[in-house]
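The values are calculated or read from the model by the stated rules, or taken from the named source; none is laboratory data. Keep in mind that this is a model prediction, so the values were computed, not measured. Please note: Cβ atoms are built from the backbone with ideal geometry, for glycine as well, and neighbour counts cover all protein chains shown. Side chains are part of the model used for accessible areas, which takes the heavy atoms of the whole protein and leaves out ligands, DNA and RNA. Shrake-Rupley method; radii C 1.70, N 1.55, O 1.52, S 1.80 Å.
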Amino acid sequence: MSSIVPVDSQSLLRFLQKWHGEPNSPTSKSATPNLAPEALIHWHEISSQWSDGITFHNYAIPLPELEIEDGKVPFWVENQGTWLWSFDPHDPNHPVYEKEPSSDSAPWVATGEKLSDFLVHATVFEAVLGAPATKVAFGISDDFLWVRDETRPLPFPAWNWPAPGSRIAIGEDWLALMHPSDAPAAGYDVTLAATAPEHLTWAENASGIEWTSYSSSENVTADEPLPW
């Protein structure tokens, strides 16, 4: 999978075909509001091609519901409403902003990503959260990932959600979400994800790491706590 690290909508489509299989629904096209940039419209068209969806925890606000809020247009939301992302409708690159909406006075903070990059980043993030097979460990070194020749970073800025410094690495048949740990030993909390458990067996050879494994029958859902 490292050979098709997604960086734009076309490579994102190839990534989704490898991760979720071939599309099984016709592309859905409908009248869209003036607030929807081309990148966001195209993402919704890509997403509509998989009947089971390609988001599993956070989600895109439906295009007809887009509205300007404090000069920005919220378009992506954490499933319980604890985090919100928006874009600037007046900038042609549509830079993305974020905030915790628990306070009406919370300001929008720039993420350092433009909308087209964010949509790729967020979709890969969702692939981790909805993966049929995952392994989770806390407070470990991430060296065991980076010494593997296949490992490549997702080429976008770190996120502040679910924790500051969250980033994604991609291997041949797996994804890894990591962020600095709150564990006493520090290190990183790491979630490995794949479409089948056998793609993660290599991680079991890493000495000193205690993994908790999840399968599709018991995987985390949007209504359950995240595994970190």
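Select from region 1-51 the residues that are β-branched (Val, Ile, Thr) and either farther than 25 Å from Thr134 by Cα or assigned to a helix (DSSP H, G or I) (or both) and list them in ascending order. Steps first, please.
The initial filter retains those residues of region 1-51 that are β-branched (Val, Ile, Thr), namely 4-5, 7, 27, 32, 41, 46.
Ile4, Thr27, Thr32, Ile41, Ile46, listed by residue number.
Listed here are the residues, each with its yes/no results for (1) under 27 Å from Trp85 (Cβ atoms); (2) touching a strand residue (DSSP E or B) at 6+ places or on another chain (Cβ under 7 Å).
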residue: Pro155; (1), (2): yes, no
residue: Trp159; (1), (2): yes, yes
residue: Ile168; (1), (2): yes, yes
residue: Trp174; (1), (2): yes, yes
residue: Pro180; (1), (2): yes, yes
residue: Gly187; (1), (2): no, yes
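Among the residues that make up region 187-201, is at least one of them open to solvent by 40 Å² or more (accessible area, probe 1.4 Å) and under 13 Å from Met1 (Cβ atoms)? So far as region 187-201 goes, yes, one or more of its residues are open to solvent by 40 Å² or more (accessible area, probe 1.4 Å) and under 13 Å from Met1 (Cβ atoms). Can you spot a residue in region 163-178 that is modelled with pLDDT of 95 or more, in a helix (DSSP H, G or I) and open to solvent by 20 Å² or more (accessible area, probe 1.4 Å)? Checking region 163-178: not a single residue is modelled with pLDDT of 95 or more, in a helix (DSSP H, G or I) and open to solvent by 20 Å² or more (accessible area, probe 1.4 Å).
Look at Lys135 and say whether it is in contact with a helix residue (DSSP H, G or I) (Cβ under 7 Å, 6 or more places away or on another chain) and of a type in the set (Lys, Arg). Steps first, answer last, please.
Details: in contact with a helix residue (DSSP H, G or I) (Cβ under 7 Å, 6 or more places away or on another chain): yes; of a type in the set (Lys, Arg): yes.
In short, yes.
Any residue at all in region 54-65 that is open to solvent by 30 Å² or more (accessible area, probe 1.4 Å), under 16 Å from Gly130 (Cβ atoms) and part of a loop (DSSP other than H, G, I, E, B)? Scanning region 54-65 turns up at least one residue that is open to solvent by 30 Å² or more (accessible area, probe 1.4 Å), under 16 Å from Gly130 (Cβ atoms) and part of a loop (DSSP other than H, G, I, E, B).
The criterion of at least 3 residues that are open to solvent by less than 20 Å² (accessible area, probe 1.4 Å) is met by the following strands (runs of 3 or more DSSP E) wholly inside region 72-155: 73-77, 84-87, 95-99, 133-140.
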